[in-house]
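Beneath this line is the structure, given in structure tokens, with notes to follow.
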Amino acid sequence: MNIETTTQADATKAVVEARNLDLVFPTNDGPVQALKDVNLTINKGDFVSFIGPSGCGKTTFLRVMAALEQPTGGEITVNGMSPDEARRQRAYGYVFQASGLYPWRNIARNIKLPLEIMGYSKAEQDKRVNEVLELVELSGFGGKYPWQLSGGMQQRASIARALAFDADILLMDEPFGALDEIVRDHLNEQLLKLWARTNKTIGFVTHSIPEAVYLSTKIVVMSPRPGRITDVIESPLPKERPLDIRDSPEFIEIAHRVREGLRAGHSDD
Amino acid sequence: MKTLIAVLTVLSVIIAFWYAACLPMNIKGVLTEAERAGAEVTPAGAKERRDLGEFGLVLDNSFAIPATWAQDRPRLPAPHQVAQELWKTTGAMVLKGKMMSKRSLFYHGWVTLSATLLGFAIGTGLGILLAVGIVHSRVMDMSVMPWAIVSQTIPIIALAPMIIVVLYSIGVQGILPKAIISAYLSFFPVVVGMVKGLRSPDGMQLDLLRTYNASTNQGFWKLRLPASMPYLFASLKIGIAASLVGAIVGELPTGAVAGLGARLLGGSYYGQTVQIWSALFAAAILAACLVALLGLIERSVLKRMGMGA
Ligand SMILES: Nc1ncnc2c1ncn2[C@@H]1O[C@H](COP(=O)(O)OP(=O)(O)OP(=O)(O)O)[C@@H](O)[C@H]1O
Ligand SMILES: [Mg+2]
């Protein structure tokens with residue numbers, strides 16, 4: 001009974017809370033309003049996708065959550081503290097658009113990089129490398145160098161690197177942007193399984209409507225100039241999602257709503 | 001195979017030009033000697049020939065052509081003369097078991113090489129330290145870099161005697177002054193290359209370390225330093241050649257009796273052009289070997305780091 005209530009409370013606990021968030025970049029051509037009045041709550045275990053036209057502030061918002069960018073107005077908390085405090089507690093793994101693997105380290109040692117920095121023991125490092133390599137289906141590739149792997153495999157290795165340490169938030173900025181459709185479908189499927197197994201909270205930036213709808217429990221539609229949130233869609237799809245769910249009426253309906261949201265953002269210009 | 005043919009073609013063109021250049025360069029000297037020995041020379045008399053064009057003289061006295069490649073003290077020695085001298089002062093000495101005699105280029109080469117290597121080590125160490133400082137401290141970036149650049153605008157040939165005099169007055173002599181001049185020339189490419197290399201990681205890679213909350217130290221050892229390796233080796237190759245030049249220049253003002261610089265100087269005192277040229281070639285060959293050796297080390301290091309494609 002008691003356990004029941006705590007997990008209930010846990011499930012609805014806000015991991016990220018943004019209130020009236022503003023971010024203005026001072027540039028040579030004058031200030032650029034990258035984020036304006038952004039309000040968003042991300043709960044524990046959510047899979048949140050950010051979708052919107054280029055320049056609408058998706059990357060910027062992800063970077064604000066990761067304390068790589070300072071908001072110029074409003075408030076944001078991550079795990080109930082400031083993003084920078086959360087960063088210092090190593091609360092998130094960040095996956096950039098490019099894999100960013102070190103060419104002088106093989107895959108296993110690339111994955112060990114955060115573990116070395118965070119002071120894990122040698123034995124623990126090896127154990128975790130094997131675990132995450134298996135998680136992203138790269139077992140046996142630990143000894144290979146990045147240039148010996150395909151783009152998709154490199155991207156999976158960089159996801160493995162972000163999963164290797166105990167961060168309960170995973171932030172991903174167009175991780176599959178450069179990959180072809182088939183590989184992407186496969187990685188999406190894997191990512192969902194991984195999310196189900198690890199119960200992480202995921203923030204995921206994409207330009208693809210089907211990808212956003214397929215993956216997410218919550219879809220954040222954004223629009224540019226100034227960057228703001230125009231719609232937040234809670235997905236009614238079940239947590240268990242085979243690839244062919246994309247042909248179901250519910251799926252098509254959500255995709256339609258996302259597309260409408262994107263179009264509304266565009267017609268503002 | 002194709003490249004070999006191309007290389008050989010270029011080489012033979014250079015050698016042909018060299019032989020051809022010996023004709024006008026040496027013809028006047030040859031004709032004077034020939035006349036003294038009683039040969040028919042047109043026109044007769046060194047005075048008459050002084051203002052005439054060299055090419056005309058060659059054409060009018062074609063009998064003297066072979067002699068332009070065989071003079072004792074030619075203005076421009078022919079390739080085979082230099083090669084013979086090189087052999088005489090290297091291989092032949094080794095065969096005679098006198099590899100380290102005072103007349104062997106191995107002896108002189110080693111004297112210069114030891115100063116070069118010491119200077120290179122000092123210069124490289126200093127260069128890397130300065131680069132690390134410059135990358136990590138804005139103050140050092142603004143205060144050290146301009147001086148490093150200014151230091152390289154002073155001609156070394158003007159500076160070398162002063163360095164030697166100043167060091168001599170505080171009792172430092174021998175290999176050290178040469179090594180310091182050598183270090184003076186070699187630290188600069190290392191600073192420039194290492195600064196560039198240490199700054200080569202892009203914003204994304206630095207951001208990644210930030211998300212791990214990595215310290216500056218960790219960022220240096222795990223990211224900046226390995227990323228700078230290819231840049232370091234490119235600089236080292238320039239640096240070692242500069243070191244050799246520095247060591248040779250360091251031998252000139254002291255009137256040193258040993259070293260490749262001393263051979264150059266001695267040769268010019270006594271008009272021994274063949275000796276000068278063979279010392280020049282010895283220096284060039286030494287430089288090429290050093291650069292090639294660094295290239296080998298570079299390849300094996302980068303390969304072991306997984307960066308050798
Ligand atoms: N460091 C910066 N300095 C100045 N302006 C910036 C900076 N980073 C982003 N911007 C501006 O902020 C706005 C939002 O950029 P952001 O990168 O967040 O867009 P995005 O939604 O990720 O776009 P894309 O889909 O193309 O990746 C853009 O207008 C961009 O020009
Ligand atoms: Mg972006």
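The values are calculated or read from the model by the stated rules, or taken from the named source; none is laboratory data. Values in this document were obtained by computation on a predicted structure and should not be read as measured data. A quick note on method: Cβ atoms are made from the backbone with ideal geometry, for glycine too, and the neighbour counts reach across all protein chains shown. All accessible areas refer to the heavy atoms of the entire protein, side chains included, with ligands and DNA or RNA removed. Shrake-Rupley method; radii C 1.70, N 1.55, O 1.52, S 1.80 Å.
So the values come out like this:
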| quantity | calculated |
| --- | --- |
| Qualifying residue in segment B:110-126 (condition: open to solvent by 80 Å² or more (accessible area, probe 1.4 Å), assigned to a helix (DSSP H, G or I) and closer than 21 Å to B:V274 by Cα) | yes |
| Residue within segment A:229-250 that is farther than 16 Å from A:V48 by Cβ, in contact (Cβ under 8 Å) with a residue 60 or more places away in the chain, buried (at least 20 other Cβ atoms within 10 Å of the Cβ) and over 16 Å from the mean Cα position of the chain (by Cα) present | no |
| Subset of segment A:51-73 (residues that are part of a loop (DSSP other than H, G, I, E, B) and not charged (D, E, K, R)) | A:G52, A:P53, A:S54, A:G55, A:C56, A:G57, A:A66, A:A67, A:L68, A:Q70, A:P71, A:T72 |
| The one condition in (1) part of a strand (DSSP E or B); (2) away from ligand 2 (no atom under 16 Å from the Cβ); (3) in contact with a helix residue (DSSP H, G or I) (Cβ under 8 Å, 6 or more places away or on another chain); (4) open to solvent by less than 10 Å² (accessible area, probe 1.4 Å) that A:I76 fails to fulfil | (4) |
| Residue match in segment A:108-118 (condition: more than 12 Å from ligand 1 (Cβ to nearest atom), in contact with a Phe, Trp or Tyr (Cβ under 6 Å, 6 or more places away or on another chain) and assigned by the TED database to the domain that holds A:R257) | no |
| Flag if A:P71 is touching a helix residue (DSSP H, G or I) at 6+ places or on another chain (Cβ under 7 Å) and either within 21 Å of A:E17 (Cβ to Cβ) or more than 15 Å from ligand 1 (Cβ to nearest atom) (or both) | yes |
| Pick from segment A:125-140, criterion in contact (Cβ under 8 Å) with a residue 40 or more places away in the chain and part of a loop (DSSP other than H, G, I, E, B), ranking: farthest from A:L170 (Cα to Cα) | A:E137 |
| Unique residue being closer than 28 Å to A:A264 by Cβ, within 14 Å of chain B (Cβ to nearest Cβ) and of a type outside the set (G, A, S) when the list is A:D173, A:D166 | A:D173 |
| Selected residue (criterion: nearest to the other protein chains (Cβ to nearest Cβ)) from residues of segment A:189-207 that are open to solvent by less than 60 Å² (accessible area, probe 1.4 Å) and within 16 Å of ligand 1 (Cβ to nearest atom) | A:G203 |
| Top-ranked residue of segment A:115-124 - restricted to ones that are surrounded by fewer than 19 Cβ atoms within 10 Å (Cβ to Cβ) and part of a helix (DSSP H, G or I), ranked as farthest from the other protein chains (Cβ to nearest Cβ) | A:A123 |
| Hits in segment A:141-164 (condition: polar (S, T, N, Q) and in a loop (DSSP other than H, G, I, E, B)) | A:S150 |
| Any pair with Cβ under 6 angstrom, 6 or more apart, that starts in segment A:94-105 at a residue that is touching a residue at least 60 places away in the same chain (Cβ under 8 Å) and ends at one that is in a strand (DSSP E or B) | A:Y94/A:L171; A:V95/A:M172; A:F96/A:D173; A:Q97/A:D173 |
| Any chance A:F96 is in contact with a helix residue (DSSP H, G or I) (Cβ under 9 Å, 6 or more places away or on another chain), within 9 Å of ligand 1 (Cβ to nearest atom), under 22 Å from A:W195 (Cα atoms) and at pLDDT 90 or above | no |
| Considering residues of segment B:36-59 that are assigned to a helix (DSSP H, G or I) and surrounded by 16 or more Cβ atoms within 10 Å (Cβ to Cβ) only, the residue nearest to the chain's Cα centre (by Cα) | B:V58 |
| Answer residue from segment A:59-68, given it is open to solvent by 10 Å² or more (accessible area, probe 1.4 Å) and of a type in the set (V, I, T) and is nearest to ligand 2 (Cβ to nearest atom) among those | A:T59 |
| Selected residue (only one of B:G239, B:G259 is open to solvent by less than 20 Å² (accessible area, probe 1.4 Å), small (G, A, S) and in contact with a His (Cβ under 7 Å, 6 or more places away or on another chain)) | B:G259 |
| Lone unmet requirement of (1) outside the structural domain of B:A282 (by TED's automatic domain parsing); (2) within 18 Å of B:L286 (Cα to Cα); (3) of a type in the set (D, E, K, R) for B:K178 | (1) |
| Answer from A:K127, A:K112, A:K144 - the residue that is basic (K, R) and away from chain B (no Cβ under 12 Å) | A:K127 |
| Hits in segment A:90-109 (condition: out of contact with any Gly (no Cβ under 8 Å at 6 or more places or on another chain) and at the interface with chain B (Cβ under 8 Å from one of its Cβ atoms)) | A:R90, A:Y92, A:G93, A:Y94, A:F96, A:A98, A:G100, A:Y102 |
| Hits in segment A:39-58 - residues which are within 16 Å of ligand 2 (Cβ to nearest atom), in contact with a helix residue (DSSP H, G or I) (Cβ under 8 Å, 6 or more places away or on another chain) and open to solvent by less than 20 Å² (accessible area, probe 1.4 Å) | A:S49, A:F50, A:I51, A:G52, A:C56 |
| Checklist (1) surrounded by fewer than 21 Cβ atoms within 10 Å (Cβ to Cβ); (2) more than 10 Å from chain B (Cβ to nearest Cβ); (3) farther than 30 Å from A:F141 by Cβ applied to A:D84, failing item | (2) |
| Residue in segment B:94-105 that is open to solvent by 30 Å² or more (accessible area, probe 1.4 Å), out of contact with any Cys (no Cβ under 8 Å at 6 or more places or on another chain), part of a helix (DSSP H, G or I) and outside the structural domain of B:V257 (by TED's automatic domain parsing) present | yes |
| Wholly within segment B:189-285, helices (runs of 4 or more DSSP H) carrying at least 3 residues that are more than 14 Å from chain A (Cβ to nearest Cβ) and without any contact (Cβ under 8 Å) to a residue 60 or more places away in the chain | B:225-251, B:260-269 |
| Filtered residues of segment B:60-78 (kept if assigned to a helix (DSSP H, G or I), of a type outside the set (D, E) and open to solvent by 20 Å² or more (accessible area, probe 1.4 Å)) | B:S62, B:F63, B:I65, B:P66, B:A67 |
| Condition broken by A:D22, with the remaining ones in (1) more than 16 Å from ligand 1 (Cβ to nearest atom); (2) touching a Gly at 6+ places or on another chain (Cβ under 9 Å) satisfied | (1) |
